[in-house]
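Colleague: Just passing along the structure, written as structure tokens.
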């Protein structure tokens, strides 16, 4: 063999293999720790993150602000608000409830996977933080591939775990490389694979896995707001609702699956449509003063410019309204026809005449809706709306201002928190 024919080992491939080897060994020690003790340790770590003056949160805010296009105040507000909603006792209660049949059984027990591969996705830190904790509670060590937009959270999570337990910290490692890298196939050899990404990404991963592997997939989702007839009761009501929705839109610059991309206006007249649009635009402008939008890429700027031009053309020949602020865009459409969602504080308001028309507008998005914030409906109307949203696959219905701050135990994509990643064995 000549020198040119020598095939040197792929460096990243070797790094992944070495990391797998380390966490598999660490897994033996991890499983010697009882479930209750693992859960107690993660609760302590979570308390460290969610405390009123958390050093870990302060450090993540500083580091993430440096590496992200988001404004530092947007990062601070987003992390503070999201982690305030994560109650450590709720995690403990959720884990206990989900696993009660096993924990109380004499014949069924947890059989943790030898290791779990977590393929993080998205542009914000919250999913990375949580996905690091869950398999460790179950006794499965974790190798996490960092999201392309977040190369700082995982390292801080590991350090925070190490401050409470070297055993659990040794069972968590993180690594960064592109999906095109040959090392990706090593990650996909895990007995349990947890992935977040687009539907195309999820399909691609699924096609490469064996039937015997556990695959926990979180695909493309988005969130919306729905405003009902009683929103028009007063100008004060419209202003309050607008301020709450503006916060939902501005948090994380509208880049997470919990960010609203459309607000549907149900059974409201044209004058109320315009009042809501102008009030929302004013509320977004006020938020610009304390948490400005982050830097936009060339592609996003082009998308915004195109959609603004399209909106102007549509409104030249009919009803509608366009409000372009310092760093936000509010488009009041004349109908509920599906249109692109440029994100980055770009929101569409779409009028529908009735709940039945709302149903027709939402049907194309069945199984892609994540969270919904609703307001302005009577109790009976609200019950009918929730029934519709449940049938469309919505995982959570809440109020304006709370879309981006779900509790830690909310059923992401309709699934329980821990049991999708758990394995059990029965012995007689």
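The values are calculated or read from the model by the stated rules, or taken from the named source; none is laboratory data. Keep in mind that what you see is a predicted model, and the values were worked out from it rather than measured. In this analysis, Cβ positions are derived from the backbone assuming ideal geometry, glycine residues included, and neighbour counts consider all displayed protein chains.
Colleague: Evaluate region 181-200: report whether one residue or more is outside any strand (DSSP E or B), without any contact (Cβ under 8 Å) to a residue 60 or more places away in the chain, buried (at least 17 other Cβ atoms within 10 Å of the Cβ) and out of contact with any strand residue (DSSP E or B) (no Cβ under 9 Å at 6 or more places or on another chain).
Modeller: Checked region 181-200: no residue is outside any strand (DSSP E or B), without any contact (Cβ under 8 Å) to a residue 60 or more places away in the chain, buried (at least 17 other Cβ atoms within 10 Å of the Cβ) and out of contact with any strand residue (DSSP E or B) (no Cβ under 9 Å at 6 or more places or on another chain).
Colleague: Please work out which one of (1) surrounded by 14 or more Cβ atoms within 10 Å (Cβ to Cβ); (2) outside any loop (DSSP other than H, G, I, E, B); (3) modelled with pLDDT of 95 or more is the condition residue 28 fails and give its number.
Modeller: All conditions pass for residue 28, except number (1).
Colleague: Would you confirm, using the coordinates I've provided, whether residue 70 is farther than 23 Å from residue 148 by Cβ and surrounded by 20 or more Cβ atoms within 10 Å (Cβ to Cβ)?
Modeller: no
Colleague: Test residue 204 against the criterion of being over 20 Å from the mean Cα position of the chain (by Cα) and closer than 30 Å to residue 339 by Cβ, and give yes or no.
Modeller: Yes: the conditions hold for residue 204.
Colleague: Answer yes if at least one residue in region 82-89 is assigned by TED's automatic domain parsing to the domain that holds residue 185, part of a loop (DSSP other than H, G, I, E, B) and within 21 Å of residue 155 (Cα to Cα), and no otherwise.
Modeller: yes
Colleague: Now for a separate question. Check residue 228 against each of (1) within 15 Å of the chain's Cα centre (by Cα); (2) on the phi < 0 side of the Ramachandran plot and name the one condition it does not meet.
Modeller: With (1) within 15 Å of the chain's Cα centre (by Cα); (2) on the phi < 0 side of the Ramachandran plot applied to residue 228, the lone miss is (1).
Colleague: Let me ask another. Could you tell me how many of the residues in region 408-428 are in contact with a helix residue (DSSP H, G or I) (Cβ under 6 Å, 6 or more places away or on another chain) and assigned to a loop (DSSP other than H, G, I, E, B)?
Modeller: The qualifying residues number 6.
Colleague: Among the residues of region 280-318, which ones are free of Cβ contacts under 8 Å to residues at least 60 places away in the same chain and touching a strand residue (DSSP E or B) at 6+ places or on another chain (Cβ under 8 Å)?
Modeller: 281, 304, 307, 308, 311, 312, 315
Colleague: Considering every residue within region 275-297, establish whether at least one is in contact with a helix residue (DSSP H, G or I) (Cβ under 8 Å, 6 or more places away or on another chain), buried (at least 19 other Cβ atoms within 10 Å of the Cβ) and at positive phi.
Modeller: No, every residue in region 275-297 fails to be in contact with a helix residue (DSSP H, G or I) (Cβ under 8 Å, 6 or more places away or on another chain), buried (at least 19 other Cβ atoms within 10 Å of the Cβ) and at positive phi.
Colleague: In the set 322, 349, 385, 358, which member is more than 25 Å from residue 409 (Cα to Cα), in contact with a strand residue (DSSP E or B) (Cβ under 7 Å, 6 or more places away or on another chain) and in a helix (DSSP H, G or I)?
Modeller: 358
Colleague: Moving to a separate point now. Of all residues in region 111-127, which are in a loop (DSSP other than H, G, I, E, B) and either within 15 Å of the chain's Cα centre (by Cα) or under 16 Å from residue 168 (Cα atoms) (or both)?
Modeller: 112, 113, 114, 115, 120, 121, 122, 123, 124, 125
Colleague: With the checklist (1) within 24 Å of the chain's Cα centre (by Cα); (2) surrounded by 22 or more Cβ atoms within 10 Å (Cβ to Cβ) in hand, flag the one item residue 38 doesn't pass.
Modeller: The failed condition is (1).
Colleague: Looking only at region 239-260, filter to residues that are surrounded by fewer than 20 Cβ atoms within 10 Å (Cβ to Cβ) and touching a helix residue (DSSP H, G or I) at 6+ places or on another chain (Cβ under 8 Å); which one of those is nearest to residue 150 (Cα to Cα)?
Modeller: Here the answer is 243.
Colleague: Give me a count of the residues in region 361-381 that are assigned to a helix (DSSP H, G or I) and farther than 19 Å from residue 221 by Cβ.
Modeller: Matching residues across region 361-381 total 3.
Colleague: Follow-up. Please determine, by comparing only the residues of region 88-110 that are surrounded by fewer than 16 Cβ atoms within 10 Å (Cβ to Cβ) and touching a residue at least 60 places away in the same chain (Cβ under 8 Å), which one is farthest from residue 175 (Cα to Cα).
Modeller: 107
Colleague: To continue, here is another question. Only one residue in 130, 156 is under 18 Å from the mean Cα position of the chain (by Cα), assigned to a helix (DSSP H, G or I) and either within 22 Å of residue 62 (Cα to Cα) or not assigned by TED's automatic domain parsing to the domain that holds residue 55 (or both), so which one is that?
Modeller: After ruling out the rest, the residue left standing is 130.
Colleague: Looking at (1) touching a residue at least 24 places away in the same chain (Cβ under 8 Å); (2) surrounded by fewer than 21 Cβ atoms within 10 Å (Cβ to Cβ); (3) over 23 Å from the mean Cα position of the chain (by Cα), which is the one condition that is false for residue 339?
Modeller: Answer for residue 339: the failing condition is (3).
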